[in-house]
Amino acid sequence: MAEPTFSFDASTVDPRDHEHGWLLKARGDLDLDSADQLYQGIANLAEHHATLVVLDLTDVEFLDSTGLRAIVNAGDLLKERGGRLIIDGMSGAAKRVLEITSLLEHCSSDPRAGDPRDSANG
């Protein structure tokens, strides 16, 4: 049996940095075969009231348009629920795709930047 070409681990972000925050470390190929796995993982976190998901793509070796769409759709889902998806850490392959599609400029590496709780506090 072949090893899966994509996987991710989820862990909580330090509550001092952000309550209800999660770090997802993705590994392998983020493509047609794995995009739904990533989206469903983030959707599951959103169902459990995650307001921040930090996506680490450092170990992603390949990212295609389906993987990119999963990232965008997951970000939209979190935004609809008052949350946020940011990317912090990218492989060269992931960075190139995000640069070409102009999505890199919309990603912050500071989990506290744009914290949804800050806008509620005025």
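Which of the residues that make up the stretch 37-52 are touching a helix residue (DSSP H, G or I) at 6+ places or on another chain (Cβ under 9 Å) and part of a loop (DSSP other than H, G, I, E, B)?
Ala50, Thr51, listed by residue number.
Pairs under 9 Å by beta carbon, first residue within 20 Å of Asp29 (Cβ to Cβ) and modelled with pLDDT of 90 or more in the stretch 90-116, partner exposed (fewer than 14 other Cβ atoms within 10 Å of the Cβ) and among the small types (Gly, Ala, Ser), six or more apart or different chains?
Partner pairs satisfying both residue conditions: Val97/Ser65; Thr101/Ser65.
Considering each residue of the stretch 42-57, count those that are among the hydroxyl-bearing types (Ser, Thr, Tyr) and either touching a Phe, Trp or Tyr at 6+ places or on another chain (Cβ under 9 Å) or loosely packed, with under 15 Cβ neighbours inside 10 Å (or both), and give that number.
0
Let me spell it out: the conditions are (1) modelled with pLDDT under 95; (2) surrounded by 14 or more Cβ atoms within 10 Å (Cβ to Cβ); (3) not charged (D, E, K, R), and Tyr39 meets all of them except one. Which number is the exception?
The failed condition is (1).
Go through the residues of the stretch 17-26 one by one and say whether even a single one is over 12 Å from the mean Cα position of the chain (by Cα), at pLDDT 90 or above and surrounded by 17 or more Cβ atoms within 10 Å (Cβ to Cβ). Spell out how you get there, then give the answer.
From the stretch 17-26, those over 12 Å from the mean Cα position of the chain (by Cα) are 17-20; that's our starting set.
Within this subset, residues satisfying the condition of being at pLDDT 90 or above are none.
So far as the stretch 17-26 goes, no, none of its residues is over 12 Å from the mean Cα position of the chain (by Cα), at pLDDT 90 or above and surrounded by 17 or more Cβ atoms within 10 Å (Cβ to Cβ).
When only residues in the stretch 53-68 that are in a helix (DSSP H, G or I) and within 13 Å of the chain's Cα centre (by Cα) count, which is farthest from Ile87 (Cα to Cα)? Even if it seems obvious, please write down each step before you answer.
Pass one, the stretch 53-68, residues in a helix (DSSP H, G or I): 65-68.
Then keep just the ones that are within 13 Å of the chain's Cα centre (by Cα); that gives 67-68.
Details: Gly67: 13, Leu68: 12 Å.
In this case the residue turns out to be Gly67.
Which residues, taken from the stretch 70-94, are assigned to a helix (DSSP H, G or I) and either in contact with a helix residue (DSSP H, G or I) (Cβ under 7 Å, 6 or more places away or on another chain) or of a type in the set (Phe, Trp, Tyr) (or both)?
Going through the stretch 70-94, the residues assigned to a helix (DSSP H, G or I) turn out to be 70-80, 92-94.
Passing the criteria: Ala70, Asn73, Ala74, Leu77, Leu78.
Considering only residues of the stretch 58-86 that are surrounded by 19 or more Cβ atoms within 10 Å (Cβ to Cβ), in contact with a Lys or Arg (Cβ under 9 Å, 6 or more places away or on another chain) and in contact (Cβ under 8 Å) with a residue 12 or more places away in the chain, which is nearest to Phe8 (Cα to Cα)?
Within the stretch 58-86, the match that is nearest to Phe8 (Cα to Cα) is Val60.
The values are calculated or read from the model by the stated rules, or taken from the named source; none is laboratory data. Values in this document were obtained by computation on a predicted structure and should not be read as measured data. Note that we place each Cβ from the backbone using ideal geometry, even for glycine, and neighbour counts take in every protein chain shown.
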